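> I'd like to ask you about the structure that follows.
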Amino acid sequence: MADRIDLHTHSTASDGTLSPAELVRAAAEAGLDVVAITDHDTTDGWQPALRALPSGLRLVRGAELSCRWYGEQPPVPLHLLAYLFDPDAPELVAELARVRTARVARGERIVALLRADGVDVSWPEVLAGAAGGTIGRPHIAQALIRAGLVASTTEAFGPDWLGVRYRLPKEDIDVFHAVRLVRAAGGVPVFAHPRASRRGRIVPDELIAELAAVGLVGLEADHEDHSPDERAHVHGLAAELGLLVTGSSDFHGTHKSVRLGAFTTEAEAYERLVAASSGVTEVASG
Ligand code: AMP
Ligand code: ZN
Ligand code: FE
Ligand code: FE
């Protein structure tokens, strides 16, 4: 059974820097046995990744859904990984399209705010940088870097820039609705980096218990945005709630420093994940 399993990566279909074909080749070169492609709010990378799948590598088709929990004011944004769901399930397709459209409007508004303050970035340039992928703040970060205003993506996500001052909310999917839609599409929902407090507000464990009751299957524990204590906490919570645990790189190419396979998922958890799915199958190349 495969043992190097990375269940969270991004391609140019969202805010990564490798094309889906380059991503699966890089995954094979990194020695992975299983890789999941989980672009933000899109399945556009699935076909090109499949077509380029190197022999010996298994591909898990997935996505990372932009969600929100309305239990606090203001509502808390969070990410839900969804694996092996039917990409034609109408309600889910409609929600993803709505979120992607809203991301474009939000990106344009962020650029307008920057320009109003005299910052020399342009919306056409940001759009061109995204090259048809789901628009996100990393694309605006790249424009800030090109303009010489910040030195790194990390700096661009600081409080003076996209982290606070020029941060606008997205139109996300209610997280309970998202869990139900993913399950209805035969998919497996896993809460991405649930304790990543360094990224912003996090949700209480009670919410995770409620999500488990409506169909959440797993928690991503081993992730670079979790401290060792946070990782241990997520492992403990998963055991308590009977959820499976994943580990993954959340690779974004050169938009982040993390490498493919930096964190991995145990084979047993992976088998449980595949067994829980009925949307599409994992694919092994011949
Ligand atoms: P958005 O989806 O437009 O809100 O942008 C969020 C994306 O930016 C996430 O997918 C992260 O990969 C990336 N991101 C968030 N915080 C940081 C950070 N501090 N440094 C680099 N990338 C980040
Ligand atoms: Zn991203
Ligand atoms: Fe995420
Ligand atoms: Fe991600």
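Read the figures in this text as sums done on the coordinates, not as results from a lab. Note that the structure is predicted; figures quoted are calculated from it, not measured. Cβ sites come from the backbone with ideal geometry, for glycine too, and all protein chains shown count toward neighbours.
> Of all the Cα-Cα pairs you can form in the range 77-227, what percent are over 25 Å apart? Write out the running numbers ahead of the final one.
Working: 4428 of 11325 pairs.
It works out to 39 percent of all Cα pairs.
> Further, regarding this structure: Where does the chain land on the Kirkwood hydrodynamic radius, alpha-carbon pairs, in angstrom?
Value: 18.9 Å, from the Cα pair sum.
> So for 250, 88, 222, fewest C-beta neighbours within 10 Å to most, what's the order?
Working: 250 25, 88 11, 222 19.
In increasing order of surrounding Cβ atoms, one gets 88, 222, 250.
> How much length is gained if the chain between residue 47 and residue 283 is pulled fully straight, taking 0.36 nm per residue apart and subtracting their Cα-Cα distance, in nm to one decimal?
Details: separation 236, 0.36 × 236 = 84.96 nm, distance 1.15 nm.
Gain in length upon complete extension: 83.8 nm.
> At a 10 Å Cβ-Cβ cut-off, how would you order 8, 226, fewest neighbours first? Show your work: numbers first, answer last.
Numbers: 8 27, 226 22.
Arranged by neighbour count, lowest to highest, 8, 226 become 226, 8.
> Using DSSP to define loop residues, name the GluC sites (Glu not before Pro) in the range 1-106 whose beta-carbon has at most 16 other beta-carbon atoms within 10 Å.
72
> I need the Kirkwood Rh of the range 116-202: take the reciprocal of the average 1/r across all distinct C-alpha pairs and report it in angstrom.
Values: mean 1/r = 0.0655 Å⁻¹.
With all distinct Cα pairs of the range 116-202 included, I get 15.3 Å.
> Per-residue ellipticity at 222 nm for the chain, helices alone: DSSP H runs ≥ 4 residues times -39500 (n - 2.57), over residue total, nearest 500 deg cm²/dmol?
Helices in the chain give a 222 nm mean residue ellipticity of -11000 deg cm²/dmol.
> Another question about this same structure. Please report Rg over Rh for the range 107-162, where both radii come from the alpha carbon positions and Rh follows the Kirkwood definition. Show your work: numbers first, answer last.
Details: Rg = 10.1 Å, Rh = 11.0 Å.
Result: Rg/Rh = 0.92.
> From the phi angles alone, apply the Karplus equation (6.51, -1.76, 1.60; θ = phi - 60°) to the range 89-103 and give each ³J(HN,Hα) in whole Hz, x where the residue is Gly or Pro.
4, x, 5, 5, 4, 5, 5, 5, 5, 4, 5, 5, 4, 5, 5
> To make sure I understand, if each residue's beta carbon is the centre and we count other beta carbons within 10 Å, what order do 5, 145, 37, 173 fall in, fewest to most? Let's see the in-between values first.
Details: 5 25, 145 15, 37 28, 173 22.
The order, fewest Cβ neighbours first, is 145, 173, 5, 37.
> While we're here: So for the range 219-286, what percent of the C-alpha to C-alpha distances run longer than 19 Å? Before the final figure, lay out each step's value.
Working: 1003 of 2278 pairs.
Roughly 44 percent, rounded to a whole number.
> Shifting gears a bit: Kindly provide the chymotrypsin sites (Phe, Trp or Tyr not before Pro) of the range 36-118 that DSSP labels as loop, not H, G, I, E or B, and whose Cβ sees at most 16 other Cβ atoms within 10 Å. Don't skip to the end; give the middle numbers.
Numbers: sites: 46, 69, 70, 83, 85; in loops: 70, 85.
When the chymotrypsin sites (Phe, Trp or Tyr not before Pro) of the range 36-118 are filtered for loop state and at most 16 Cβ neighbours within 10 Å, 70 remain.
> Contour minus end-to-end for residue 272 and residue 117, with contour as 0.36 nm per residue of separation and end-to-end as the Cα-Cα distance? Don't skip to the answer; put the middle values down first.
Details: separation 155, 0.36 × 155 = 55.80 nm, distance 5.06 nm.
50.7 nm is the gain from fully extending residue 272 to residue 117.
> Separate question: Given the convex hull over the Cα atoms of the range 9-125, what projected area results after averaging over all orientations, in nm²?
9.5 nm²
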